[in-house]
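Below is one structure, written out as structure tokens; the observations come after it.
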Amino acid sequence: MSDTNPVRELMVERLIDAPPSALWRAYTEHLSEWFCPKPWRAEVVEMDLRPGGRAAITMYGPNGEVVPNEGVYLEVIPERRIVFTDAFTAGWNPAGPFMVGFFEFEPEGEKTRYRGRARHWNDEALEQHRTMGFEQGWSAVAEQLEAVAKRLAETADA
């Protein structure tokens, strides 16, 4: 079987009408407002934004679903890039890996090129994520992120 996608990556990309600083603030200060598609909601348990720091967010669904997301940050470059994984929990304890995630904010004039990427350990995890609705879900999240970032940019300019 040939591997046509060696990094097994899914990606959502869009040009957001806000500067990288507003997207960074949206991530670091307002994550619960945009992190999962509505009517789901997210609650930050811990956000230790440094390599090896704990990344813990719980998502709550409209029918009582509770989905904890536990992992660690691998790379944090303020206003540019956040890389995280669920392959470990805090203290480098191995966990059942599903993906390495990326949130990237690249300046383009007064706007920001946003990329949300997910790299998977194997083909099965990639297909599972695709079937779960990666494209629709991460696109909705990008729209919600844009709305929060635009609001923050407007209040920063006032």
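The values are calculated or read from the model by the stated rules, or taken from the named source; none is laboratory data. Remember, predicted model here, so these are calculated numbers, not experimental data. For neighbour counting, all protein chains shown are included, and Cβ atoms are generated from backbone atoms with ideal geometry for every residue, glycine included. Surface accessibility is based on the protein's heavy atoms, side chains included, excluding ligands, DNA and RNA. Shrake-Rupley method; radii C 1.70, N 1.55, O 1.52, S 1.80 Å.
A few remarks follow.
- Probe 1.4 Å, protein heavy atoms only - accessible area per residue of the stretch 33-73 in square angstrom: 53
- Probe 1.4 Å, all protein chains present, accessible-area order of THR85, THR155, THR131, largest first: THR131, THR155, THR85
- Based on C-alpha pairs under 8 angstrom that are at least 6 apart in sequence, the stretch 5-143 has a relative contact order of 28 percent.
- Hydrodynamic radius by Kirkwood, which averages 1/r over all alpha carbon pairs of the chain, in angstrom: 16.2
- Solvent-accessible area, 1.4 Å probe, carbon plus sulfur percent, for the chain: 51
- Magnitude of the charge dipole for the stretch 34-85, about its Cα centre and with charges confined to Cβ atoms of Lys, Arg (+1) and Asp, Glu (-1), is about 160 debye.
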